[in-house]
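The values are calculated or read from the model by the stated rules, or taken from the named source; none is laboratory data. Please read all numbers here as calculations on a predicted model, not as lab measurements. Glycine also receives a Cβ, built like all others from the backbone with ideal geometry; neighbour counts cover every protein chain displayed.
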Amino acid sequence: MANEKKIDFNDTHELLSYAYALEREAGERYSELADTMDTHNVDDVAGLFRKLADIEGKHAQKIKDMLIERGYDMPPMEYLWEMPEGPETTPMDQLHYMMAPYHALVLALHNEQRAADYFSEIAENSSNEQVRVMAQEMAEEECEHVQWVKDWIEKYPEPEEGWDDDLDPPAVQD
Ligand code: ZN
């Protein structure tokens, strides 16, 4: 899995399509993480994830509008969050019940950083000025998210071994 599609960074259509997929995925993942933090009664972290879900969701909507405005079609572009260790490890939904705030935040950080790096790379390397400007803006927003998440990790450092001993694992579903 996870062979990321080669993208022509010199084309605003491709950039916007990719960005749309990325923001939409981020919005959905943050909603899930917010729900997970709710189940652990970590309201403030749930609040952070709700805020990020809202921001990324609005951003996805804005990018969708830009695509429509330009008369671009919406190509089926895929972007998937990955675990810090890489996308081939445990599926995200199986990990949810055992996530402390720290783990959820590290997951968010990994993917925010990945997004920021990705847009930065496009901003530096595209030969199209419009794409460079757009990608630069996107990179700056993602860098801001990286910083927020980093601040929260300071508040919720890595838990001690055995922190989740008293959690009830959810029923296994097929
Ligand atoms: Zn972000």
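For every residue, the table says whether it meets (1) in a loop (DSSP other than H, G, I, E, B); (2) among the charged types (D, E, K, R); (3) within 24 Å of E124 (Cβ to Cβ); (4) at pLDDT 80 or above.
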position: H13; (1), (2), (3), (4): no, no, yes, yes
position: L16; (1), (2), (3), (4): no, no, yes, yes
position: L22; (1), (2), (3), (4): no, no, yes, yes
position: V45; (1), (2), (3), (4): no, no, no, yes
position: F49; (1), (2), (3), (4): no, no, no, yes
position: I63; (1), (2), (3), (4): no, no, yes, yes
position: M74; (1), (2), (3), (4): yes, no, no, no
position: M77; (1), (2), (3), (4): yes, no, yes, no
Original post:
Since S120 meets every condition but one in (1) in contact with a helix residue (DSSP H, G or I) (Cβ under 7 Å, 6 or more places away or on another chain); (2) modelled with pLDDT of 90 or more; (3) loosely packed, with under 13 Cβ neighbours inside 10 Å, which condition does it not meet?
Top reply: (3)
Subject >> Number of positions in the range 31-71 that are loosely packed, with under 15 Cβ neighbours inside 10 Å and among the aromatic types (F, W, Y) >> reply: 0
